[in-house]
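Here's the structure, in structure tokens; my notes come after.
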Amino acid sequence: MEAEPAGGDEVSPATAISRWSFRVSQRYQHMLDKSTPHMLQRWIAFLVVAAIYVVRVYLVQGFYIISYGLGIYVLNLLIGFLSPQVDPEIHNLSEGPTLPTRGSDEFRPFVRRLPEFKFWYSITKAFCIAFVMTFFREFDVPVFWPILLVYWLTLFILTMRRQITHMIKYRYVPFSFGKQRYDGKRASPTDSTSISTD
């Protein structure tokens, strides 16, 4: 165990940096926690970040290989976002809860393999990292970009077709819009209009 310095208040530079980085990470995590319920604002912020990246790549006319890698990563995240946490194709259907397949089955909410917040956070972080990479010429590998675009579009179409087939086969919808909501007991109109005359 190390002894305290004779001055009492003296702190080594490593300890000061460690404390500072801990405080910064705490504040960063606090900001993320506060942003969790604000889904629309988070996605608008992501669109701004993505637009800045697209404008940067368009203006410098390069870094297509970074954009291709970013596209593959985003496709991977999208598959995780659209997939159920427990894949019925991999797990035996007799093991634990399954997705309902008939109208008489018990309602089970769709649980994603990659939750919405983690999807947003990962995709935003990826665009920020890709944006920073566009400032380093070492990452600007000369490549014929239309071939990369066609290859990425082919991957996207094949992957989405497979995902949609999986969704149809196991009868699940990864989105909540259009589904019936159960908000609990609602007051009837007669309850709200009755007035006691005591």
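The values are calculated or read from the model by the stated rules, or taken from the named source; none is laboratory data. The structure displayed is predicted, hence computed values, not measured ones. Cβ coordinates were reconstructed from backbone atoms using ideal geometry, including for glycine residues, and neighbour counts include every protein chain displayed. Protein only, heavy atoms only, side chains kept; ligands, DNA and RNA dropped before computing areas. Shrake-Rupley method; radii C 1.70, N 1.55, O 1.52, S 1.80 Å.
For the stretch 119-127, does any single residue satisfy the condition of being loosely packed, with under 15 Cβ neighbours inside 10 Å, under 16 Å from the mean Cα position of the chain (by Cα), under 18 Å from S67 (Cα atoms) and at pLDDT 90 or above? Within the stretch 119-127, one or more residues are loosely packed, with under 15 Cβ neighbours inside 10 Å, under 16 Å from the mean Cα position of the chain (by Cα), under 18 Å from S67 (Cα atoms) and at pLDDT 90 or above. Restricting the first member to the stretch 24-35 and to residues that are within 17 Å of W120 (Cα to Cα) and in a helix (DSSP H, G or I), and the second to residues that are open to solvent by less than 90 Å² (accessible area, probe 1.4 Å) and of a type outside the set (F, W, Y), the beta-carbon pairs closer than 9 Å and six or more apart or on different chains are S35/R42; S35/A45.
Residue-level check: of (1) of a type outside the set (D, E, K, R); (2) modelled with pLDDT under 90; (3) surrounded by fewer than 13 Cβ atoms within 10 Å (Cβ to Cβ); (4) in a helix (DSSP H, G or I), G7 misses just (4). Considering every residue within the stretch 77-98, establish whether at least one is in a loop (DSSP other than H, G, I, E, B), on the phi > 0 side of the Ramachandran plot, at pLDDT below 95 and exposed (fewer than 15 other Cβ atoms within 10 Å of the Cβ). Yes; the residues of the stretch 77-98 include at least one that is in a loop (DSSP other than H, G, I, E, B), on the phi > 0 side of the Ramachandran plot, at pLDDT below 95 and exposed (fewer than 15 other Cβ atoms within 10 Å of the Cβ).
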